[in-house]
Each structure stands twice: as C-alpha cells, then as structure tokens.
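S.K.: My questions all concern the structure below.
The values are calculated or read from the model by the stated rules, or taken from the named source; none is laboratory data. Worth saying up front: this structure is predicted, and the values here are computed from it rather than measured. Reconstructed Cβ throughout: ideal geometry from the backbone, glycine too, with neighbour counts over all protein chains shown.
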Ligand SMILES: [Zn+2]
C-alpha cells in the first residue's frame, strides 16, 4: 500500500516536470522545426515558415457526414439506400446463419469446374444464410444438357417438368430455375465462363431464395406475389451473396441489372405483376432490376424479418396486399406511391 502510493507521487512529479517545459502549441505560436506536425482531435498544427519565423498553423479537420437512411423516405440517395439495405441484410444473416446439412449436388463433369464451383459455393452460402428458415433437402443439378438432368432425375425417381427444356424455352446461353426442393443450372456454352454476366454470379443465391419462398409460402404464394417482389427479392439476396463471396461488388451487378431497358421503364412498379418474356422485348415488363430496387427500399426501411414476413403473411392471409400491410405496417398502395416518387433517386426512370 505504501509502495504504491509513493510510486504514484513520483510519476505525478515527472508529468509535472515535462509539461512545465513543453512549449504551448497554438495558432501563431513559435515552433522550432519546419514541417513538424501535432495532431489534436479537431485538426492539426503544422510548423510553417512565415517570413523569417517558424509558426504553428492550425488546420481544422473536415468531418465527412455520411447521410443516414430514413425509412420510407423518398429523399434517400441511391448509395444511402444500397448501403442501408446491405447492412440490414448482413446483420440479419450474421445473427441467423448456421450450418445447412441437406445439400446434394449433381454435377455433369463436362461443365467447366470453375463455373460449377461458383454455383456450388454460392448455393451453400445461401443455404447457410437461411438455415433458420429452411434446412430440408435441396438438390442442385448442373449440366450443359437438359437430357443429362432428366436422366439424373429419373435415377432419383423425380419427375421433371414437361417439355424438352427443364427451365422452359429461352435463347439465353445459360438457364436457371428452381422448384420447391431443387434447382437446375443448364450451362449450355462450352466456354461458359467467358459469356457469363455479373448477374450469372447471383443466380445460385437467387434460385435458392425461390426455394426459401416456397418453404415460407407454399406454391400458392407464387400466384399471389407480384413478379417484381418474387424476382426482385431473389435478385436482392442473390446479389448480396455474390457481393459477400467477393465475385462482384453489389453495386456493379445491380447496375448491370437496372440499366436493362426491359426493367428500367417509365411504368409504375405496380404494373410489374407478371414475368412473361414471351411477349417480346418491347412489351416484356422484366421484374428483376426494378424489383431489386423495390426490395432494397423495403429491407432498408423495415429490415429483413419484416421483408421475409411479407411472404409468410401473404400465404397466411391469401393476399399479397394484406400480407404486405401486416409485415411492414404500410399500405401496399402507399408503398407503390412512395417507390414511384423516389425511384428516380435510385436509378430507375420516373413514371411518365
Ligand atoms: Zn427467379
């Protein structure tokens, strides 16, 4: 006890001695070495030559103020919206993720292994992220040919969709689609990695989110959800996963998606009800890009739990309008009004 006390007194004395000899640093006071810098919380002093004398010159630190996202406000700017939505997404997945144990991958050895690894890694990431909602069997089929997938399905006693193609008819080089417990990745190009768009990297997470939608809402929910929500939410999740895994920054994939003229139209969000590309590019209301931005607006405003509850309550109440209201506390009509008023700030052209 005595020892400790005497030590404290000694160090106090040392401190006193030091400070009594130190020159006072303030704006305009004399300093001794040109270029010397002294930082303080509000800025820094630099020893500067002024005529024949050396003087401290103070420069105030500029504080960068990051705008804070305001829920449901149409005045938020694009970057503020994106970062708020991503922050909410990653906070939710950090709190809810776990180890998914039900994955089965069927991979045609002719597919570029780098490509199939991207699909496998992203699918696993999505499975882990949503394991608190779904940890049931999920089969992923990756091949260059529909026939290979059909053979595998037959071996597993699974019934494939009607028609030749397992993912419907499209001229796209690669086709992706999901069911309630499986997804198909048809990689047609022989140099598939070369033809991939940034959006191809978000499809494994995207397809798995459709499976999550199935498990939360049942197949009837797909008939109730407008396509901007069904596809936009899947795009949001898939793009966030591609971002987390370091394939592409979220903003780059998003930008590629929302600049497409089929989705970036001067048409109200509420019109993007049905995803039907067979009507031709001029008439197709592609729900992906615009729906992704609308999903960001929802996630950033009310968080991931409410966002997911839209699916759950749509099923329970047998109505998207009522499910949306119950999950978010906002009337769907009011949401449409806000989104269409704010969208010009978020990269989607205004309604004409
Ligand atoms: Zn989809």
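S.K.: Identify, by number, the condition in (1) more than 13 Å from residue 233 (Cβ to Cβ); (2) in contact (Cβ under 8 Å) with a residue 60 or more places away in the chain; (3) surrounded by 15 or more Cβ atoms within 10 Å (Cβ to Cβ) that residue 313 doesn't meet.
M.R.: The failed condition is (2).
S.K.: Taking the range 316-331 only, how many residues are in a helix (DSSP H, G or I) and surrounded by fewer than 19 Cβ atoms within 10 Å (Cβ to Cβ)?
M.R.: Total satisfying the criteria: 5.
S.K.: Something else about it: Residues that are within 16 Å of the ligand (Cβ to nearest atom), closer than 24 Å to residue 215 by Cα, part of a helix (DSSP H, G or I) and at pLDDT 95 or above: does the range 306-314 have at least one?
M.R.: Yes, the conditions are met somewhere in the range 306-314.
S.K.: Counting only residues that are at negative phi and more than 15 Å from the ligand (Cβ to nearest atom), how many does the range 162-182 have?
M.R.: Residues in the range 162-182 being at negative phi and more than 15 Å from the ligand (Cβ to nearest atom): 7 in total.
S.K.: Ok, one more. Which residue out of 135, 169 is more than 19 Å from residue 204 (Cα to Cα) and in the same structural domain as residue 212 (by TED's automatic domain parsing)?
M.R.: Answer to the check: 169.
S.K.: Quick one: how many residues across the range 183-227 are over 16 Å from the mean Cα position of the chain (by Cα) and under 19 Å from residue 311 (Cα atoms)?
M.R.: Number of matching residues: 17.
S.K.: Right, something else. Select from the range 332-350 the residues that are outside any helix (DSSP H, G or I) and exposed (fewer than 15 other Cβ atoms within 10 Å of the Cβ) and list them in ascending order.
M.R.: 349, 350, listed by residue number.
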